[in-house]
Amino acid sequence: LGHNISIMFYGTAAISTALFLLTFVVFKEKPLLPPSQAQAVLQRTAPQDYSYKQSMLNLFKSVPFLLLLISYGIMTGSFYSVSTLLNQMITFPYKGEEVKGEEVNAGRIGLTLVIAGMVGSIICGLWLDYSKTYKQTTLIVYILSFIGMLVFTFTLDLGYIFVLFITGGVLGFFMTGYLPLGFEFAVEITYPESEGTSSGLLNASAQIFGIIFTLVQGTLTT
């Protein structure tokens with residue numbers, strides 16, 4: 001096991017290094033045309049007139065953004081917690097030699113979460129680009145994610161592994177699919193602030209809630 005983990009880490013390091021070199025060589029400092037209206041405003045603003053600190057203060061004064069910041073953190077943080085402790089949740093009802101077989105299934109369910117999440121992210125992005133219904137789509141994804149979490153929770157102890165694959169895929173589809181939704185919604189409600197600032201705060205919120213939920217859930221499952 002230790003040897004396989006070592007190979008995985010070395011492989012990840014090699015791929016990350018290759019991506020860094022490609023980014024350094026191929027990527028330009030900025031595109032010819034601004035990618036968003038917020039960036040267009042920033043490009044027309046003199047560097048000395050832009051204040052990152054002031055941008056942060058403006059975001060924290062925005063009630064809609066604060067509500068999104070908290071809800072995004074809870075939503076994404078709970079998914080991070082489930083992903084981190086997935087192995088413990090899947091193997092908890094089993095004892096002895098049965099645990100080894102379920103550990104393999106836990107890894108496969110984790111893969112299902114990731115793949116379903118990739119599909120969900122693409123579909124949510126395409127839907128937003130087509131409909132521009134940020135608030136309505138966000139509410140629908142919140143509700144469906146909540147339902148998916150409930151179903152996944154109450155099917156953990158049933159003993160039917162194929163059910164967990166289905167419920168886990170549904171959960172990953174909506175919860176990971178929400179990631180681009182949250183970023184896009186933040187950009188819309190915080191214009192003309194830089195999307196980099198709002199996205200950074202959303203990521204920080206998700207990490208903070210993820211750590212809290214993981215510690216609490218880990219305590220409950222031990």
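Could you say whether any residue in the stretch 49-57 is farther than 30 Å from ILE212 by Cα and either surrounded by 10 or more Cβ atoms within 10 Å (Cβ to Cβ) or at pLDDT 75 or above (or both)? Among the residues of the stretch 49-57, at least one is farther than 30 Å from ILE212 by Cα and either surrounded by 10 or more Cβ atoms within 10 Å (Cβ to Cβ) or at pLDDT 75 or above (or both), which makes the answer yes. Summed over the stretch 192-222, residues that are at pLDDT below 80, outside any loop (DSSP other than H, G, I, E, B) and open to solvent by less than 30 Å² (accessible area, probe 1.4 Å) total 1. Need the failing condition index for GLY168 against (1) open to solvent by less than 30 Å² (accessible area, probe 1.4 Å); (2) within 28 Å of MET89 (Cα to Cα); (3) over 18 Å from the mean Cα position of the chain (by Cα), just the number. Among (1) open to solvent by less than 30 Å² (accessible area, probe 1.4 Å); (2) within 28 Å of MET89 (Cα to Cα); (3) over 18 Å from the mean Cα position of the chain (by Cα), the lone unmet condition for GLY168 is (3). Residues that are free of Cβ contacts under 8 Å to residues at least 24 places away in the same chain and open to solvent by 100 Å² or more (accessible area, probe 1.4 Å) within the stretch 124-139 comprise LEU126, TRP127, ASP129, TYR130, LYS132, GLN136, listed in sequence order.
Scoring ILE189 on the criteria (1) loosely packed, with under 15 Cβ neighbours inside 10 Å; (2) within 16 Å of LEU67 (Cα to Cα) leaves a single failure, condition (1).
The values are calculated or read from the model by the stated rules, or taken from the named source; none is laboratory data. It should be emphasised that the depicted structure is a prediction, and the values quoted were computed from it without experimental measurement. Quick reminder, even Gly has a Cβ in these numbers, built from the backbone with ideal geometry, and neighbours come from all protein chains shown. We work out accessible area using only protein heavy atoms, side chains counted, and drop any ligands, DNA or RNA first. Shrake-Rupley method; radii C 1.70, N 1.55, O 1.52, S 1.80 Å.
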